[in-house]
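The values are calculated or read from the model by the stated rules, or taken from the named source; none is laboratory data. Keep in mind the model is a prediction, meaning the values are calculated, not measured. Cβ coordinates were reconstructed from backbone atoms using ideal geometry, including for glycine residues, and neighbour counts include every protein chain displayed. Surface areas here come from the heavy atoms of the whole protein model, side chains and all, with no ligands, DNA or RNA. Shrake-Rupley method; radii C 1.70, N 1.55, O 1.52, S 1.80 Å.
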Amino acid sequence: MKNGVVKEVETMIEIVTQEEADAITHSGTMHADEVFATAFLDLYYGHLKVARVTELQSNRKKEALVYDIGRGKYDHHQDNAKVRDNGIKYCSFGLLWQDFGKDFLKARKIKEVEEMFSAVDKDFIEMIDAIDNGIFPSIEASYKVKTTSDLIKMFNPSFHTKEEENQQFLQAVSFAQILFERELSYMLGKVKAKNLVLKELENQTGPILYLKEYMPYEETLLTSPLGKDILLVIFPSNRGGYSVQAVPISETNRENRLLLPMEWAGLEKEELQQKSGIKTLRFCHKNRFIACCDTKEDAFEIAKKTLLEKSHMK
């Protein structure tokens, strides 16, 4: 991003002994928790010196930040580990974010610190913490679904290879930093968009929400009382022209509150324009949740005809 909030990733982590380390975590099989914790600490402090060990030396002379090992403040394997209000235990990544996340965001010159702090934890860190604690997502699919935690596991040395454990760990941390930087950029965009969407919801009335530019709107619309009566959203399309999109009932119920006219389903260009009577209407999805046209005026015409058909069906 041009404002410098999100940086190019240049991992400067060194793997060192406990006596030299600024930070200490466990060795052996790596998981998303300590990998992302390490990635975050390096982004926060810079040029981190990390020791990966099987157990802590009691006679260490240098003070180091210890996480995911040793039953200390930034571990989660003890019985009295810190737990979120929803019952999900914090792991080392989540615990470090709780203590250093706000200062990290302030150092990045991010103005929306409180919103970003909570949003990043909810959107990204909580799932990593949950999986590390054995709480896996319930996914019904006929194909393999890989979580962020699964992707990090792939960096462990492969069977019957000469891949070196610490070298693989450094690669995983570098990958984690790229993902975390993208998460920061993505969530900052969502936070900024949220305030704009709320403003538009306050200023507009009726079942149509018009946005002057495309922005992530759905979560805000579905969770705000101001969006409960919105049926269609109009916005400039990144493919050119305008899109008219139906609104789901809720975040968990993906059935749409209103569908585009049945006779438009799956049609394109001339056939669709003839059927609809709308000059620049060029596409209507076969499932009738989105349509595209060339002009703002025709986008509103699409919405009006869709709403009129709904009124005739009563």
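Ellipticity at 222 nm from helices only: DSSP H runs of n ≥ 4 in the chain, each -39500 (n - 2.57), divided by the residue count, give -12500 deg cm²/dmol. For the chain, averaging the sequence separation of C-alpha pairs within contact (under 8 Å, six or more residues apart) and dividing by the residue count gives a relative contact order of 13 percent. The chymotrypsin sites (Phe, Trp or Tyr not before Pro) of segment 71-150 that DSSP puts in a loop, and whose beta carbon has at most 15 other beta carbons within 10 Å, are Tyr143. Charged side chains reduced to their Cβ positions (Lys and Arg at +1, Asp and Glu at -1) give the chain a dipole of some 1040 debye around its Cα centre. I need the shape label for segment 15-106. Rule: rounded when a/c is under 1.5, else prolate if a/b > b/c, else oblate, with a, b, c from the alpha carbon gyration tensor. Oblate.
Strictly over 23 Å apart at the Cα level, which of Lys89/Lys153; Lys269/Lys296; Lys62/Lys153; Lys111/Lys296; Lys109/Lys146 would you flag in this model? Going by Cα-Cα distance, Lys62/Lys153; Lys111/Lys296; Lys109/Lys146 fall outside the 23 Å limit. The charge dipole of segment 209-314, taken about its Cα centre with unit charges on the Cβ atoms of Lys, Arg (+1), Asp and Glu (-1) only, comes to about 180 debye.
Hey, if we sort Lys212, Lys49 by accessible area with the 1.4 Å probe, largest down, what's the order?
The ordering from most to least exposed comes out as Lys212, Lys49.
Here are several values of P(r) over Cα pairs in 10 Å bins from 0, in percent: [x] 6, 29, 38, 23, 5, 0; [y] 5, 21, 25, 20, 15, 10, 4, 1, 0; [z] 6, 27, 34, 23, 9, 1, 0. Which one was derived from the coordinates shown? For P(r) over Cα pairs in 10 Å bins from 0, in percent, the calculated option is [y]. Since only Ser149, Ser224, Leu201 are under comparison, the one whose Cα sits farthest along the positive direction of the charge dipole of the chain, derived from C-beta charges on Lys, Arg, Asp and Glu, is Leu201. Expressed as a whole percent, the accessible surface of the chain that belongs to carbon and sulfur atoms is 49, based on a 1.4 Å probe. When the square roots of the Cα gyration tensor eigenvalues are ordered a ≥ b ≥ c, the ratio a/c for segment 161-283 is 1.5 or more and a/b exceeds b/c, which makes its shape prolate.
Mean separation of Cα pairs under 8 Å and 6 or more residues apart, divided by the residue count, gives segment 230-314 a relative contact order of 28 percent. Projecting the Cα atoms of His76, Val113, Ile135 onto the dipole axis of the chain, where Lys and Arg carry +1 and Asp and Glu carry -1 at the beta carbon, places Val113 farthest toward the positive end.
Excluding ligands, DNA and RNA, the accessible surface per residue across segment 127-202 is 60 Å² with a 1.4 Å probe.
A dipole drawn for the chain from +1 and -1 charges on Cβ atoms has a positive end, and of Met262, Thr17, Phe159 the residue lying farthest that way is Met262. The ellipsoid equivalent to the alpha-carbon distribution of segment 213-314 has semi-axes of 22, 16, 11 angstrom, derived from the gyration tensor eigenvalues as √(5λ) and listed largest first.
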